[in-house]
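No value in this document is a laboratory result; all are computed from the given coordinates. Please read all numbers here as calculations on a predicted model, not as lab measurements. So basically every Cβ, Gly included, is an ideal-geometry build from the backbone, and we count neighbours across all protein chains shown.
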């Protein structure tokens, strides 16, 4: 259980890394949205392994197929099942190491929780590949939000300790897809790439931070006290493998700030109440305040490294040394960027439907 | 909507700061747990305003009353409704400033979302006082977890940029209630107190960081891919007003770490598979791995400060200056500590029931 | 668990028959609805034991108290907690018969499920008195539906084999509260009363059928394939103790009908598409079709009868004879009528909010 | 929305009658259950159109494919996606009559609710074919229940006013698949067949009643006050197209019974507390009492009849005559029998998992 997310715009995930497919069922998409395979394909392609310094070499075609919920080029109000079939799968390494849990991976916890029945090949349900389904759902969410001019951006702001300089929104929008790291600061991206290449050469990996921003979010989204905008966004973002932290607005830096510094003063601009600063990241009391919603997520270094690692043999219950073969992303951050976008969009879309901003039928 | 949390151990919150009461209904508590008003009272008292440097002066008796679900000193399996009646309430300041939203508070977003019908007195549903209900539910959760020797601790680790030194578990356990700041490092607590006093004198406030740890969590809790342990803990923690960040294990510092450094090697200890380090905070793939679950939450500086602040008059739609009278916590962090404990315990209890570790009837 | 109902208009029930109180938390009521204790009181009074032939003699004042969610005479968008305090409670008979489960009651199943920890006094959670909370929630739902001119009626159509004659809506509306049995056919009501009196004299009880109709339901409510209008209405109605059957439109009589007879032909009336007959009870494919929604529920004879009954002693595990003392409703049907109305209204209100017909804020 | 059912054993339905496929995702199936395509196929085949008097002629192969959640012949604890691809689909008649809603079908309500964007071909989401997915989920549920020796039977008890004689369980088990009507009384089945043939000849159709019984249900399943066994079973059963009534035990006949007659006396048998009769259908207070759970569902006559029918043209908003071509089931009852079994099993399985009777991992 635990594979469905959202209240009125609900995503149900299925599939395994080395099984037949990876997919998702989206329930609650309003009827009347123009939707074609290509709309989904475009987003899924973004998380495809590239050829750059940061990427693995699994060559997948990943052709998205919409199996239900679309007729005559429009959504029908029925559940939308979408999937990609798995190809190019070599499970031999996983079969060999079946009882050697990889440090930093879910091999041990999945083995324990599911009594050894879990499909461990390629990490099974815990593979980053599962997020292809997240991105499919996110692609629909983004189209829906777009109808209300809501825009979601995400980009790399730190890798291996190298921080990007803050950029204007226009620059961000322009630069994100301009470099392999999806970083809005091309100069920092250069240095990040070097650091990743260095780590890879040494059989190691790097982590980083992704920032995501949603623009044109109307004030009033969020359902406190428990279904806060922060809470549901965080829950969605922690579903992404490797995410270990989520913060909003000034985030953890609030620990060093004073109230007079951190409070955002209200003012009136073009007849609307806005804040002069946005330390709160667009959310007050768990409800959007009309300012951009700003979130940052911490992504841990890829646990798959080529250096030898100490582990145990779960079958023989003895110490063991694990050597992970093959190429793996030395830094997963850039490929996680479209997934962060997707989770952000999916959650905001659910709240927008709850608030009646996106109606049941689009005309 | 949005006032219920949890799947099998469900908490429904109700009440307002200046209404008749603040309370909670807990549904899903197993039958047969010994439970008395005092069990709840003890926990609720911890978040009561003290007389120390960091606290407000609202003198509330806050006598907890259990209204249902307990018979003959034991839980019955029926929903447990608990509440504290509100007393000592002076709403005059709030009535005067009804249309002047306080920066950093939910006044503006609540006004917008609920069309001005929200009970704004004392912050209404968005008051820290609502967390008294969270703590009531948490008190039951802690008793249930205790049956399985699961222990949840929380303590202040940073205030106003002053960091506590890491301490051993025994010291933490001993020191938490030994100082007004619930900090495991008494020396740091002294400095934090001075900083808070300084801020208060200047009409300002401070934020900080709380760490919470759960011990003896068995491997296997968590329901990925969406109902991860991280995700549901984060959602619960973001329900606490003023929380702006949540991180697990090495958290945001993963951005500066290498995989070889951040991965926790497996080893065998006393016949159990454990990790040598705990950078992952006891969670792999959204599932507990048997190590302590370690979480940190960022708490923003109290938005209520006595310095004048710029705001708007929502009725006249013009600029205004807000002067907040009365005493307010110059630092909410120590009072948030028992609430963090409560949300941690509540969420872990839900997962423990889902996993069948805590049965439907206790004998 | 299992004490919350509804997706966007959520009712959480709490309390016991002989505990401190019986109540409910309603989450998801739009802000801005004028609401006073009396609005709730009026409905709750309808299920109060009367002095007529069919009623018990427990004299309760049952003053409804709204504890939260209302400010300045309007709902605030926050959860509404309401309750009645228990009075006039004599538990001696229940204590004496603690281990003798009453046939037809939940004593045995509750004892088994909750390991004997259940509050058995007066039936505890399984008492008809719990439905006072259902009626409180229903009172709010009816007010909300009334804003859209949706009207819910319920009335007795059969007791002890005596069937009421069908009546016009105006007559129904007029007659329901005109007799002790809430029957739209006064002549039948006379005979029913005699039958009840006869059963009571013989230490026995009678069952019956209640019909409920909702008018002005717009076409389009219901969320198939699982959250059908029939399915969610039935689930809500089966929460009423003693209900053993639910049918829509021509119901079980479909087993004797032909398709040509049972199908409702479409036609156009005043520019709207309507059906000439309403065998389907206003629901097609789980979605309202704009015609009146017609439901009937079967209510079993009161299980509490004064005749001696065979049972077992659950403690000694031996046969026993049970003699139930005191006065009990010889027919619960008329007191169940307002509860049926409440469950119907509560469920329809939830669907109306889901469909966006009732907005988040009422202006 | 509304396409997911169940709390811990969750079924998400997708697909359309004339789309690419019909399928389901089952989340919450314990790990370690042996499962092969054939296990599902066997059940799905039962609802395949036959060649008998009562069936349509659509020749579908309906090969079930399990797409996820199974590895090495066992369930893994991951979501199980299953589907059948659609074949042999001629949509021409539906395209021709796109704006002529068929009486008794969901054409009008779906058109209204989804703004005309619904896939109307073959009834789309409202086709009986969707229940193939229900049966797939039910097949898994039955296997899980079987591990606890819980058995679910369903059989036709009435068609077109012809009632079957009650039979012993052994006879029922033996006779169900012995005739085209899945009726335990072969003599009645003969007459039913004749009646169906007669109706078909006259261009008409018949309804009926299906009874379903679950044996070896332990006492204690059900989560009152809202998640009662009756309520959740009824909700699941009303998801089956054409079901218009659900009753438990003595059902609607309670209206003619006295309490002394309808109450089931308790007694002790082989050391267990049982009831002498089973008028309550195995459920007291919404909780199973250990006796067989007995439910009956009313199935309306197939709305598709070859007789001309009056309807409207939704586009031109004028009266119209509808002539439905092709062969249709003159009585859907026998094909609904395996679907009733499936919904019964699915719901009971969910409750059994909630009660901890079926564990998270099967060893």
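Things worth noting here:
- Helix C:186-201 axis, angle to chain C major axis (alpha carbon atoms, nearest 10°): 20 degrees
- Selected from C:95, C:193, C:35 as most flexible by GNM, with chain C as the system and alpha-carbon contacts under 10 Å: C:95
- Computed over region B:57-110, the alpha-carbon pair-distance distribution with 10 angstrom bins reads 19, 26, 26, 20, 9, each value a whole percent.
- Size estimate for the protein assembly as shown follows the Kirkwood approach: the inverse of mean 1/r over distinct Cα pairs works out to 32.6 Å.
- All Cα pairs of chain A, percent lying beyond 32 Å: 34 percent
- Ranked by how many other Cβ atoms sit within 10 Å of their own Cβ, fewest first, the residues C:1, B:82, B:343 fall in the order C:1, B:82, B:343.
- Among beta bridges that DSSP assigns inside the protein assembly as shown, antiparallel share in %, nearest 5: 95 percent
- Note on chain C: GNM, Cα springs under 10 Å; of C:212, C:311, C:256, the largest mean-square fluctuation is that of C:256.
- Sorting C:234-241, D:87-94 by average packing, meaning the other beta carbons within 10 Å per residue, from highest down gives C:234-241, D:87-94.
- Considering only chain B, percent of DSSP beta bridges that pair antiparallel, nearest 5: 95 percent
- Normalised by 2.2 N^0.38 Å, where N is the number of residues, the C-alpha radius of gyration of region C:206-307 stands at 1.22.
- With the simple model of a label 7 Å out from the Cα in the direction of the Cβ, residue A:310 to residue C:269 spans 8.2 nm.
- For the Cα trace of region C:4-120, dividing Rg by the Kirkwood Rh returns an Rg/Rh value of 1.04.
- For D:294-300, mean number of other protein chain Cβ atoms within 10 Å: 4
- Nearest 10 degrees, 0 to 90: helix B:37-46 Cα axis against chain B principal axis: 70 degrees
- For the segment B:316-324, counting C-beta atoms of other chains within 10 Å of every residue's C-beta and taking the mean gives 1.
- For the residues of A:174-185, the average number of beta carbons from a partner chain within 10 Å of their own beta carbon is 0.
- Copies compared at residue D:202 - label distances in nm, ascending, label defined 7 Å from Cα in the Cβ direction: 4.0, 8.8, 9.3
- Cα long-axis angle, helix C:333-354 against chain C (0 to 90 degrees, to the nearest 10): 40 degrees
- Highest-first packing order for the peptide set B:219-227, D:68-76, B:181-189 is B:219-227, B:181-189, D:68-76, based on the mean count of other beta carbon atoms within 10 Å.
- Taking label points 7 Å from Cα along the Cα-to-Cβ direction, residue A:216 and residue B:171 give a separation of 5.4 nm.
- Region B:154-219 - convex hull of alpha carbons, volume per residue in Å³: 83 Å³
- Protection proxy ranking, peptides C:3-10, A:165-172, average beta carbon neighbours within 10 Å, highest first: C:3-10, A:165-172
- Mean separation of Cα contacts under 8 Å (6+ apart) over length of chain A, as relative contact order %: 23 percent
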